[in-house]
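Okay, so here's the structure we're looking at.
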Amino acid sequence: MQTTKVTYQREFTIAPLDPRVFGGFLEHMGRAVYEGVYDPQSAHADEDGLRKDVMQALQTMRYTAMRYPGGNFASGYHWMDGVGPKESRPVMRDLAWQSTETNQFGTDEFMGLVAKMDWTPMFSVNLGTGTPEEARNWVEYTNSPAGTRYSSLRAANGHPEPYAIKLWCLGNEMDGPWQLGHIPADQYAIRAQQAAKLMKDADPSIELVACGSCTTRLPSYMEWDRTVLEYVGAYAEYVSLHRYVGNEDDDTPDYLAVTNSIDQQIEEMDAVCRFVQAKKHLKKRHYLCFDEWNVWYRARHGDHVNGRGKFAPHLIEEEYNLEDALVAAGFLNSFIRHADSVKIANIAQIVNVIAPILTRGDEMLFQSIYYPFVMYAKRRDGMALRPAVAGPGYESKSYGYVNTIDTSAILGEGELHVFLTNRSETESAPVEVEFGGSLMGCKSAEVVSGPGPKALNTYENPNVVTSQAFKAVQVQDGKALVQMPPLSVVALTFQVK
Ligand code: AHR
């Protein structure tokens, strides 16, 4: 294959990468909470019933913002059901996933996990079946000094100090007809505005995420966002977007080009934010919170999404292969390339439910998408740089023209992190990386690859798609020459002058 030339320049900056772009999402659904992070029966359980093996694995992913408790679940959840003595908590029907929720894990248990993991908590309030006042009471429970009704309840539950939760989502996917309590944009906007005011009255230091379009496919796409921002813009700092992608047509080159449409979605959402800012003559710019993203298309129907009344059923336990790992890297590249507008992003989700990590009894399995995430997360600190790419490419069926090599980069302290994906199924790709002649040496290099696009890890064969040390990189005359295997993701850290 013809060489691809990837050029970065110290001066061609985008913005510092917000570490919250490496966020996660833990929903009360399927086996994410129960059997995922919380399993008092497990041989791995600690004194709080949290799984030590899972926590250790999550630690390697360096998650920052952790969104909780949903998702669709949040739109029917009443937080008071999940606090206080465990034996008095009600067992409830969860209508979003047709499951049984025992409420043995709630706000205080989640905050215990957050403390152990050093995450930034990000709560979604219930604006489906809940009220603005219930949302405001939750802020008082978590953030006010003890001495008032809800803050004293927290203290009585064993947590005298406020948790100071800064990030709050004003509902979840309220534009989706499947959402409990779904309403048209202007009605959601009024409900969200009421909740936002009460929540900020309870604690003015919090930051709010308004529900934006959760898919590009609904007819309300963009109009929803404009309406919501015009109403809630004065209170909210961020607007949310979601994206799940898949290879429904079993066309690998097309699937790997989906990154184009992720770039496009981000740019369109940013355009609405800028439109409303201009129209309303606002000083404040709204930033993007990409608070659900992943590959999800196999486990989408029937029993995958209907718990049939069970507790902790197997829901949406997607199995990930090599091509999915390349697409996950594509999401991260896109976020880095849009570091000026995307300030928060959450992979959905963290364990068992469409997740990089699976559990089976006391066993654990790392799926393919775990590996690129870890490679990027290790190298996430610094300034995102603007790439210039010259090299071969192809016209994809659904997403237009793409370069065979996808890339992003972050400039850290005395080092440059470069991420590269080779979309070719059959050919290895020579890549020349330039940084004004000042690459001094390669400090570390890793690659994710495998025997083919559908290669995946199983409990019986857990190391088919993993990350390995990468050797095919040479630094000469201030430039790097990289030989990428077919269908691979490479992460490189260079020492720079
Ligand atoms: O992450 C699974 C589900 O996907 C979430 O509950 C919902 O917000 C989205 O539709």
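Some points to look at:
- Count of residues meeting criterion [part of a loop (DSSP other than H, G, I, E, B), within 26 Å of Ala156 (Cβ to Cβ) and within 16 Å of the ligand (Cβ to nearest atom)] in the stretch 115-131: 3
- Residue match in the stretch 320-334 (condition: away from the ligand (no atom under 15 Å from the Cβ) and part of a strand (DSSP E or B)): yes
- Strands (runs of 3 or more DSSP E) wholly inside the stretch 1-89 that include at least 1 residues being of a type in the set (Lys, Arg) and touching a Phe, Trp or Tyr at 6+ places or on another chain (Cβ under 7 Å): 65-68
- Unmet criterion (only one of (1) of a type in the set (Phe, Trp, Tyr); (2) touching a residue at least 60 places away in the same chain (Cβ under 8 Å); (3) in a loop (DSSP other than H, G, I, E, B)) for Tyr141: (3)
- If you filter the stretch 403-444 down to residues that are of a type in the set (Val, Ile, Thr) and more than 24 Å from the chain's Cα centre (by Cα), you find that the one that is farthest from Ile369 (Cα to Cα) is Val433.
- Pairs where the first residue, in the stretch 96-114, is within 16 Å of the ligand (Cβ to nearest atom) and the second is of a type in the set (Asp, Glu), C-beta under 6 Å, 6+ apart: Glu101/Asp94
- Among the residues of the stretch 468-492, those identified as touching a residue at least 60 places away in the same chain (Cβ under 8 Å) and surrounded by fewer than 19 Cβ atoms within 10 Å (Cβ to Cβ) are Pro485, Pro486.
This table checks each residue for (1) within 26 Å of Gly23 (Cα to Cα); (2) in a helix (DSSP H, G or I); (3) within 16 Å of the ligand (Cβ to nearest atom); (4) under 23 Å from the mean Cα position of the chain (by Cα).
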position	(1), (2), (3), (4)
Leu198	no, yes, no, no
Tyr231	no, yes, no, no
Arg243	yes, no, yes, yes
Pro253	no, yes, no, no
Ile262	yes, yes, no, yes
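- Subset of the stretch 150-191 [in contact with a Cys (Cβ under 9 Å, 6 or more places away or on another chain) and within 16 Å of the ligand (Cβ to nearest atom)]: Cys169, Leu170, Gly171, Asn172, Glu173, Met174, Asp175, Gly176, Gln179, Tyr188
- Test: residue in the stretch 146-159 that is under 23 Å from Tyr287 (Cβ atoms), in contact with a helix residue (DSSP H, G or I) (Cβ under 7 Å, 6 or more places away or on another chain), of a type in the set (D, E, K, R) and in contact (Cβ under 8 Å) with a residue 24 or more places away in the chain: no
- In the stretch 358-378, residue nearest to Ala455 (Cα to Cα) [restricted to those that are among the aliphatic types (A, V, I, L, M) and surrounded by 22 or more Cβ atoms within 10 Å (Cβ to Cβ)]: Ile369
Since every read-out is calculated from the coordinates, none of them should be taken as a lab result. Predicted, not measured: the structure shown is a model, and the values here were computed from it. Reconstructed Cβ throughout: ideal geometry from the backbone, glycine too, with neighbour counts over all protein chains shown.
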